[in-house]
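What follows is one structure encoded as structure tokens, with my remarks underneath.
The values are calculated or read from the model by the stated rules, or taken from the named source; none is laboratory data. None of these values were measured; they are calculated from a predicted model. Virtual Cβ from ideal backbone geometry, glycine too; neighbours counted across all protein chains shown. The accessibility values were calculated without ligands, DNA or RNA, using every heavy atom of the protein model including side chains. Shrake-Rupley method; radii C 1.70, N 1.55, O 1.52, S 1.80 Å.
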Amino acid sequence: MKKFFSLIASVSALVILAVSCGEKEPVIEYLEVNKNNISGTWSLKEWNGAALKEGSFLRMELIRDDGTFRITENLDSFEDIPRVVTGRYSLENYDDLGAVISGDYDHDSGFWTHSYVIRDLTSLSMTWIAVDDENFVQVFERCSE
């Protein structure tokens with residue numbers, strides 16, 4: 001009888017071990033931050049920890065070949081009349097910060113208000129953190145083309 005209970009305990013331990021090994025969290029594959037991996041169309045999903053208010057949007061297309069961008073947004077315009085802004089961006093790598101994106105607009109507004117460190121780049125999302133204000137955080141999701 002002792003052998004039977006010992007066998008049951010051993011089998012139970014193996015089952016628990018097998019089940020616990022099967023419940024691993026998915027591995028997130030982070031990408032190198034470069035123009036190739038950030039090119040495409042992105043939608044702003046979160047700004048400083050909060051989702052955008054209903055009906056608001058910002059979509060940004062980053063074009064790798066010529067380093068240009070096109071932003072379509074209604075954050076500072078009438079909700080039903082989006083504004084389009086274009087310009088150029090650059091991506092530089094720094095030893096202390098990592099990849100930093102900055103840009104300037106084609107119209108009279110000049111440079112972006114901030115330069116941003118790009119973090120947590122995956123095939124589906126990325127986070128931008130202002131170089132001069134680590135509390136200014138934007139989270140983007142890749143749009144399906």
**Asked** Is there any pair with a first residue in region 48-77 that is of a type in the set (S, T, N, Q) and a second that is in a strand (DSSP E or B) whose Cβ atoms are under 6 Å apart and which are 6 or more apart or on different chains, and what are they?
**Response** Asn48/Val137; Thr68/Arg88; Thr72/Arg59; Thr72/Val84; Ser77/Arg83
**Request:** Test each condition in (1) touching a residue at least 24 places away in the same chain (Cβ under 8 Å); (2) charged (D, E, K, R); (3) on the phi < 0 side of the Ramachandran plot for Asp120 and report the one that comes out false.
**Result:** (3)
**Complete:** Taking region 25-47 and keeping only residues that are among the β-branched types (Val, Ile, Thr) and free of Cβ contacts under 8 Å to residues at least 12 places away in the same chain, one is left with Val27
**Asked** Given the conditions (1) open to solvent by 60 Å² or more (accessible area, probe 1.4 Å); (2) more than 18 Å from Trp128 (Cα to Cα); (3) hydroxyl-bearing (Ser, Thr, Tyr), which single one is not true for Tyr94?
**Response** (2)
**Request:** Tell me which residues, restricted to region 61-91, are touching a helix residue (DSSP H, G or I) at 6+ places or on another chain (Cβ under 7 Å) and either exposed (fewer than 14 other Cβ atoms within 10 Å of the Cβ) or under 21 Å from Asp132 (Cβ atoms) (or both).
**Result:** Leu91
**Message:** Yes or no: region 85-102 includes at least one residue that is within 20 Å of Ile28 (Cβ to Cβ) and outside any strand (DSSP E or B).
**Reply:** no
**Message:** Tell me whether region 118-130 contains one or more residues that are open to solvent by 90 Å² or more (accessible area, probe 1.4 Å) and farther than 18 Å from Leu31 by Cβ.
**Reply:** no
**Prompt:** Can you name every residue in region 32-60 that is over 15 Å from Val137 (Cα atoms), part of a loop (DSSP other than H, G, I, E, B) and open to solvent by 70 Å² or more (accessible area, probe 1.4 Å)?
**Reply:** Glu32, Lys53, Glu54
**Prompt:** For region 26-57, which residues satisfy the criterion of being at positive phi and touching a Leu at 6+ places or on another chain (Cβ under 8 Å)?
**Reply:** Gly40
